[in-house]
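What follows is a single structure, written as structure tokens, with notes after it.
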Amino acid sequence: MKEMVEERREIMKDRKRHVLRVAQRLFIEQGFPATSIQHILDEANISKGTFYNYFKSKDDCLKAILQKSYEEAVMLRSELLTEQNKKDPAIFAEQVALRLVINREDNLLPLYEAVFYSGNRELMSFLEAHFKEELLWIAERLIDLHGEEIRPYAPDLSIMFTGMIQQYLNFSRPHNYEVIDARALVSYLVNIIDYIATPMVRDEYAFVGSSIFRRFDIPTSEVTVTSDELIEELEQFQQECLDLSKMQLEYFSFLIEELQRTPLRPTLLNTILREFRASFMNTRWESEAKVLSTMIWKYIAQEK
């Protein structure tokens, strides 16, 4: 009976990922407003009941696509900083560029534009929350780079930095200019921000100041999974995988053991998670390993 339940659970996971892939392709090809739920049902070959089993609405489906990409970027940024000097501007530039690269590779820009022009308040609030989190994260990383003295000016610098990135990307659209290298662009703008920051601190010159972030109403995410549930997911994933290498078996064993520790060892866990996920690259289990890694990373972040 247990084997039947686990088999059904795995089928549902695969089907949901399939629906998300189909929906993302249709949203990009046909446009989000022009794509109906029926289009998704027909293309994914599923029933309406199955769709509503996974998503409350078409909007909810789009949010799931964008949230998955966002969480992947957050996880990869955390991995990049593991055992690295947080004051290194090159690491910061790579962290920022990561999200731009993911958005481009997953062809998400048309989806962001669709939300922006849709007038849909729920979807716009969803993206606005992500944007505010990004501003806060950049501000804190700029403080890592330049020290606490920059804190009163970090919000202004964060807004300038994200604004400059966006304008350069707008300028580089195919009909205007060749596609800009995201990493080269971000590295250039990190240096520009360095030039701007010095006179701001010297002259105590800020426009919005640090008070702006205190007015941000960003809901705090809650832990949606326990360590026991993560261990169960790992054990089930290990059983499903075929022909695991000795190293992969050691990764499973280590992660399960570490998730039982109190307190957690975040740096060590993040290091092993990176190797664990990389070991499944270009295999049929790559997507599952990435999802599970993201779940564990979120749990680690909440437990810090």
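Of all residues being among the aromatic types (Phe, Trp, Tyr) and either in a helix (DSSP H, G or I) or modelled with pLDDT of 95 or more (or both) in segment 179-205, which is surrounded by the fewest Cβ atoms within 10 Å (Cβ to Cβ)? Just the residue, please. Let's see the steps before the verdict.
Within segment 179-205, the subset among the aromatic types (Phe, Trp, Tyr) is 188, 195, 205.
Remaining after also requiring either in a helix (DSSP H, G or I) or modelled with pLDDT of 95 or more (or both): 188, 195.
Working: 188: 14, 195: 8.
Selected residue: 195.
If you go through segment 17-62 one residue at a time, how many are in contact with a Ser or Thr (Cβ under 7 Å, 6 or more places away or on another chain), assigned to a helix (DSSP H, G or I) and open to solvent by 80 Å² or more (accessible area, probe 1.4 Å)?
0
Pull up segment 240-274, narrow it to residues that are in contact (Cβ under 8 Å) with a residue 24 or more places away in the chain and open to solvent by 60 Å² or more (accessible area, probe 1.4 Å), then point me to the one that is nearest to the chain's Cα centre (by Cα).
274
Let me spell it out: the conditions are (1) open to solvent by less than 50 Å² (accessible area, probe 1.4 Å); (2) in contact with a helix residue (DSSP H, G or I) (Cβ under 9 Å, 6 or more places away or on another chain); (3) over 19 Å from residue 164 (Cβ atoms), and residue 107 meets all of them except one. Which number is the exception?
Going through the list (1) open to solvent by less than 50 Å² (accessible area, probe 1.4 Å); (2) in contact with a helix residue (DSSP H, G or I) (Cβ under 9 Å, 6 or more places away or on another chain); (3) over 19 Å from residue 164 (Cβ atoms), residue 107 breaks only (1).
Test each condition in (1) assigned to a helix (DSSP H, G or I); (2) loosely packed, with under 14 Cβ neighbours inside 10 Å for residue 284 and report the one that comes out false.
Condition (1) is where residue 284 drops out.
Quick one: which residue in 123, 135 is buried (at least 18 other Cβ atoms within 10 Å of the Cβ) and in contact with a Ser or Thr (Cβ under 9 Å, 6 or more places away or on another chain)? If you could, list the steps in order and put the result at the bottom.
Numbers: 123 fails: in contact with a Ser or Thr (Cβ under 9 Å, 6 or more places away or on another chain).
Sole residue among the options that is buried (at least 18 other Cβ atoms within 10 Å of the Cβ) and in contact with a Ser or Thr (Cβ under 9 Å, 6 or more places away or on another chain): 135.
Only one of 95, 84 is closer than 30 Å to residue 139 by Cβ and either in a loop (DSSP other than H, G, I, E, B) or touching an Asp or Glu at 6+ places or on another chain (Cβ under 6 Å) (or both). Can you tell me which?
Working: 95 fails: either in a loop (DSSP other than H, G, I, E, B) or touching an Asp or Glu at 6+ places or on another chain (Cβ under 6 Å) (or both).
So the residue among 95, 84 that is closer than 30 Å to residue 139 by Cβ and either in a loop (DSSP other than H, G, I, E, B) or touching an Asp or Glu at 6+ places or on another chain (Cβ under 6 Å) (or both) is 84.
Of all residues in segment 259-281, which are of a type in the set (Val, Ile, Thr) and either in contact with a Pro (Cβ under 6 Å, 6 or more places away or on another chain) or in a loop (DSSP other than H, G, I, E, B) (or both)? Walk me through it before giving the result.
At the first step, the residues of segment 259-281 found to be of a type in the set (Val, Ile, Thr) are 262, 267, 271-272.
262, the sole residue that qualifies.
Checking the structure you have, find out if any residue of segment 150-170 is open to solvent by 50 Å² or more (accessible area, probe 1.4 Å), under 30 Å from residue 58 (Cβ atoms) and touching a helix residue (DSSP H, G or I) at 6+ places or on another chain (Cβ under 9 Å).
No, segment 150-170 contains no residue that is open to solvent by 50 Å² or more (accessible area, probe 1.4 Å), under 30 Å from residue 58 (Cβ atoms) and touching a helix residue (DSSP H, G or I) at 6+ places or on another chain (Cβ under 9 Å).
Residues of segment 92-149 being over 25 Å from residue 179 (Cβ atoms) and among the polar types (S, T, N, Q), which ones?
Once the filter is applied, which keeps residues that are over 25 Å from residue 179 (Cβ atoms) and among the polar types (S, T, N, Q), segment 92-149 yields 118, 120, 125.
Looking for whichever is among the aromatic types (Phe, Trp, Tyr) and either closer than 26 Å to residue 71 by Cβ or outside any helix (DSSP H, G or I) (or both) here; the options are 117, 153. Which one fits?
117
How about segment 99-120: which of its residues are within 22 Å of the chain's Cα centre (by Cα) and without any contact (Cβ under 8 Å) to a residue 40 or more places away in the chain?
Those that are within 22 Å of the chain's Cα centre (by Cα) and without any contact (Cβ under 8 Å) to a residue 40 or more places away in the chain: 99, 102, 103, 105, 109, 113, 116.
I'm told residue 93 meets every condition in (1) small (Gly, Ala, Ser); (2) more than 18 Å from the chain's Cα centre (by Cα); (3) surrounded by 14 or more Cβ atoms within 10 Å (Cβ to Cβ) except one. Can you identify the failing condition by its number?
All conditions pass for residue 93, except number (2).
List, please: which pairs have Cβ atoms under 7 Å, are six or more places apart or on different chains, and start with a residue in segment 195-224 that is at positive phi and end with one that is open to solvent by less than 100 Å² (accessible area, probe 1.4 Å) and at pLDDT 70 or above?
That search, which allows pairs on different chains as well, returns 209/152; 209/155.
Out of the residues in segment 63-90 meeting the condition of being among the acidic types (Asp, Glu) and surrounded by 19 or more Cβ atoms within 10 Å (Cβ to Cβ), tell me which one is modelled with the highest pLDDT. Before you say what the answer is, go through the steps one by one.
Keep residues of segment 63-90 that are among the acidic types (Asp, Glu), which gives 71-72, 79, 83, 88.
Adding the requirement that they be surrounded by 19 or more Cβ atoms within 10 Å (Cβ to Cβ) leaves 72, 79.
On the way: 72: 85, 79: 82.
Here the answer is 72.
The values are calculated or read from the model by the stated rules, or taken from the named source; none is laboratory data. Please read these numbers as outputs of a predicted model, since none were measured by experiment. Neighbour counts run over all protein chains shown; Cβ positions are idealised from the backbone, glycine included. Note: areas computed on protein heavy atoms with side chains; ligands, DNA, RNA excluded. Shrake-Rupley method; radii C 1.70, N 1.55, O 1.52, S 1.80 Å.
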